[in-house]
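These notes are about the structure you will find just below.
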Amino acid sequence: MNPASPAAPARRPGTRAASGARDSVVAAEVLVTSPGRNYVALKITTAEGLVGWGDATLNGRELAVAAYLRDHVAPLLVGRDPARVEDTWQYLYRGAYWRRGPVTMTAVGAVDLALWDIKGKATGQPVYQLLGGAVRDRILTYTHATGWDVPELLDSLDARREQGFRAVRAQTGVPGLDTVYGVSRGGAAYEPAGRGAAPAEEIWDTDAYLRHAPRALAAVREHAGPELKLLHDAHHRLTPGEAARLGRSLEEVDLFWLEDVTPAENQEVLRHVRRHTTAPLAIGEVFNTVWECQSLITEQLIDYVRTCVTHAGGISHLRRIAALAEIWQVKLGPHGPSDVSPVALAASLHTGLATPNFAIQEYMGYEPRTHEVFRHDWSYADGYLHPGDAPGLGVEVDEALAARFPYEPAYLPVARRRDGSMTDW
Ligand code: GCO
Ligand code: MG
């Protein structure tokens, strides 16, 4: 082939036809805002004037995703047909030589969400209708109870039940430690992303935790009675042996799930945990693709997969994970902390309403300012969530208000053992 021969002015696949028959993306803009916590939003605008919103928030690494989107993805989107959601997903995933990983997959996820939002608005349908329609009327949700000691934890639990929650994650302080991630002390935030250039450092003691947690959770079960769905998160901190012991010691407590018992990298260790306990296991909030879920699902080493709709490549990819999991009777219980935005929660709820093996959605709640910036159609009532029936995802961002909350560096704490060495987060 002669490199000098004039190339045919071919239209790139996925871009607008010369006839103008298809809508096309005219802008993809990144917005970083901090109404209580840092959030990254992606706004895609089309020639027809439709606007789609995606969430691109990756706690503590927000600006990395913002730059990935701004510098490497937004220029590729301009001119594309927004209706080609799957093709755009394939283009961004397969087209980047460097696949997977949280930054890439969060960026891909943000685009996917924004395009589903546009597709909904273009057709006048809520996204769950485009995914096949509702398979349930509402989505069971769990929230968090936290108390430094058992009486405080029981008070927190009662407050959650008064709000109607039927499923609650219970986290307790550990005698001898000053702070424990996920546990409030003296009314302070319990999953703080402390503002500042570096994370706070905490001391962690697994032995003390293992001595205390089973007793505290047994007290919660005794107080709550048999019907409450009770969950507990070990935050990736145990060895397989410790995890197996914890699972065993909690069998009488009858947990709905025991979450993130071991660090997620070495998945084989879950075989050991599984052999020693029938406690239902949940894992996956740090996973980014179906590939990290594959052996855990097909070997039935877990009961619930926790991939977050944004961090695992959007609705299009979460649906694939769900489809694989369904075959193996594994259910979805997606991550839903306040460090992903209400756009992410909306996307998870649309997916959940239309996905048979979607079991439960985490709902940590948001600060009032966050609700004001991200005005959403989804709603909570009586222990359940519903995505609403607005076209698209049903979340609009108040950009003027968002601009009043500029980004500030903020990080989750890190943990060291008593000897000063770093421990698993
Ligand atoms: C959960 C999670 C959170 C994470 C946080 C990280 O189950 O909700 O473990 O507590 O720590 O979302 O950014
Ligand atoms: Mg967790």
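A few points about this structure:
- Rg/Rh ratio calculated on Cα atoms of the range 146-226 (Kirkwood radius): 1.00
- Share of Cα-Cα pairs in the range 75-142 lying beyond 18 Å, as whole percent: 47
- For the range 269-337 versus the range 391-425, the spacing of their alpha-carbon centroids is 23 Å.
- Net charge, GLU259 excluded, C-beta distance under 9 Å - Lys, Arg +1, Asp, Glu -1: -1
- Rounded to the nearest 20 debye, dipole of the chain from Cβ charges on Lys, Arg, Asp, Glu: 1140
- Neighbour net charge for ARG221 - beta-carbon separation under 13 angstrom, K R +1, D E -1: -3
- When the charge dipole of the range 144-230 is built from unit charges on Cβ atoms (+1 for Lys and Arg, -1 for Asp and Glu) and taken about the Cα centre, the candidate among ALA219, ILE203, GLY186 whose Cα reaches farthest toward its positive end is ALA219.
- When both bridge partners sit in the range 129-391, DSSP labels roughly 20% of those beta bridges antiparallel.
- When you restrict to C-alpha pairs under 8 Å that are six or more residues apart and normalise by the size of the range 74-230, the relative contact order lands at 17 percent.
- Between the alpha-carbon centres of the range 346-369 and the range 66-136 there is a gap of 19 Å.
- Put simply, when 146-154, 303-311, 358-366 are sorted by average Cβ atoms within 10 angstrom per residue, most first, you get 303-311, 358-366, 146-154.
- For the range 237-264, backbone nitrogen atoms closer than 16 Å to the point 7 Å from GLU222 Cα along Cα-to-C-beta are found at 250-254.
- Within the accessible area of the chain, the carbon and sulfur atoms contribute 52%, probe 1.4 Å, all protein chains present.
- Percentage relative contact order, the range 179-267, counting C-alpha pairs under 8 Å, at least six apart: 26
- Extension gain from ALA198 to TRP98, taking 0.36 nm per residue of separation minus the Cα-Cα distance: 33.2 nm
- The range 129-391: relative contact order in percent, alpha carbon pairs under 8 Å with at least 6 residues between: 20
- Of the two radii for the chain, the radius of gyration is 0.99 times the Kirkwood radius, both from the alpha carbons; that is the Rg over Rh value.
- Reciprocal of mean inverse Cα separation for the range 194-280 (Kirkwood radius, Å): 14.0
- Formal net charge of residues neighbouring ILE315 (Cβ-Cβ distance under 14 Å; K, R +1; D, E -1): -1
- For the range 159-257: accessible area per residue (Å², 1.4 Å): 45
- The chain - mean residue ellipticity at 222 nm from DSSP helices (-39,500 (n - 2.57) per run, n ≥ 4, rounded to 500): -10000 deg cm²/dmol
The values are calculated or read from the model by the stated rules, or taken from the named source; none is laboratory data. In this text the structure is predicted, and so the values were computed from the model without any measurement. Glycine gets a Cβ as well: all are built from the backbone with ideal geometry, and neighbour counts include every protein chain shown. Ligands, DNA and RNA are stripped out before the accessible areas are found, and what is left, the full protein with its side chains, is counted by its heavy atoms. Shrake-Rupley method; radii C 1.70, N 1.55, O 1.52, S 1.80 Å.
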